[in-house]
Amino acid sequence: MNKIDLNKTTLRELNSKLHQSKENEKWLVTNPKGNHAIAVGLDNFINVKIDGSTGYYCAGMNKKASIQVNGSVGPGVAENMMSGKLIVEGNASQYAGATGHGGILVIKGNASSRCGISMKGINIIVKGNIGHMSAFMAQSGKLIVCGDVGDSLGDSIYEAQIFVKGSVRSLGSDCIEKEVSTKHKHQLEQLLDESKINLKASKFKRYGSARKLYNFDIDNLSKY
């Protein structure tokens, strides 16, 4: 395993080495100390373990890499993620997984507000609670919350699917509760198993778009 100590190596040097690494290489990053933009823009099949908490935009634009953060993360973790996997052992700040196109983001603690906004195919699994305005304008992918959810969940949502085990303080415009079919339970079980979360899919409720705001309607003016 390759080891990099951010007390001795600059962030620019770290990211450069990660970008140049060979397939299946393993990296351990120590003393991250809340640095921003750690392991961003990775485009190869490598494994990166970050031993501590990070700042803004950790693992942003990730493609192919598997990353684990043994701590908490600041705003914008996995923003615009394309593929690969990111596991956060602690909590995540605002807009985790925003605009993510693919891959899987697992947050084992809580996530703050706007989790999964404008998500475009990413799967986000939060073991704890999430804040308000999560999945705002979410287009596709799945947001799975094992805890409780704040206000305005799924406001102006498109075709993303939301599964929640706990309570929802309020739903946003055009977001409604939907049936959990056998197909949905199977998809949910697969993601829970992959995330190593031992919960039954039958305990979750599903939320999604009522499809009333797709086209402008004067009767819905107050909801736009």
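Bear in mind these aren't lab numbers, they're just calculated from the coordinates by the rules spelled out. As the structure is a computational prediction, the values presented were derived from the model and not from experiment. Cβ placement follows ideal geometry from the backbone for every residue including glycine, while neighbour counts extend to all protein chains displayed.
Values for this structure:
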quantity: Rg/Rg_ref, region 1-64, where Rg_ref = 2.2 N^0.38 Å and atoms are Cα; calculated: 0.98
quantity: Amide proton proximity set for residue 178, modelled H, under 5 Å, gap of 5+; calculated: 206, 207, 208
quantity: Crossing angle, helix 182-194 versus the chain [Cα axis fit, 0-90 degrees, rounded to tens]; calculated: 20 degrees
quantity: Gained length - residue 159 relative to residue 177, 0.36 nm times residue gap less alpha-carbon distance; calculated: 5.2 nm
quantity: For region 85-195, size of Cβ-based charge dipole, Lys and Arg +1, Asp and Glu -1, in debye; calculated: 180 debye
quantity: Among 117-130, 79-92, the order from most to least packed when residues are scored by Cβ within 10 Å on average; calculated: 117-130, 79-92
quantity: Cα extents of the chain along the three principal axes, largest first (Å); calculated: 60, 36, 26
quantity: 3J(HN,Hα) from dihedral phi, region 160-175, Karplus parametrisation 6.51/-1.76/1.60, rounded to Hz, x for glycine, proline; calculated: 5, 10, 10, 10, 10, 8, x, 8, 10, 5, 6, 9, x, 4, 6, 9
quantity: Residue order, fewest to most beta carbons within 10 Å, for 67, 104; calculated: 104, 67
quantity: Angle in degrees between helix 11-20 and the longest Cα principal axis of the chain, rounded to the nearest 10; calculated: 90 degrees
quantity: Extension gain, residue 45 back to residue 200 (0.36 nm per residue minus Cα-Cα distance, nm); calculated: 52.7 nm
quantity: Size of electric dipole in the chain: Cβ of Lys, Arg +1 and of Asp, Glu -1, about Cα centre, debye, nearest 20; calculated: 440 debye
quantity: DSSP-defined antiparallel bridges as percent of all bridges, the chain, nearest 5; calculated: 15 percent
quantity: Amide hydrogen neighbours beyond the local backbone of residue 46, cut-off 5 Å, H modeled; calculated: 24, 65, 66
quantity: Helix-only CD estimate at 222 nm, as mean residue ellipticity for the chain, using -39500 (n - 2.57) per DSSP H run (n ≥ 4); calculated: -3000 deg cm²/dmol
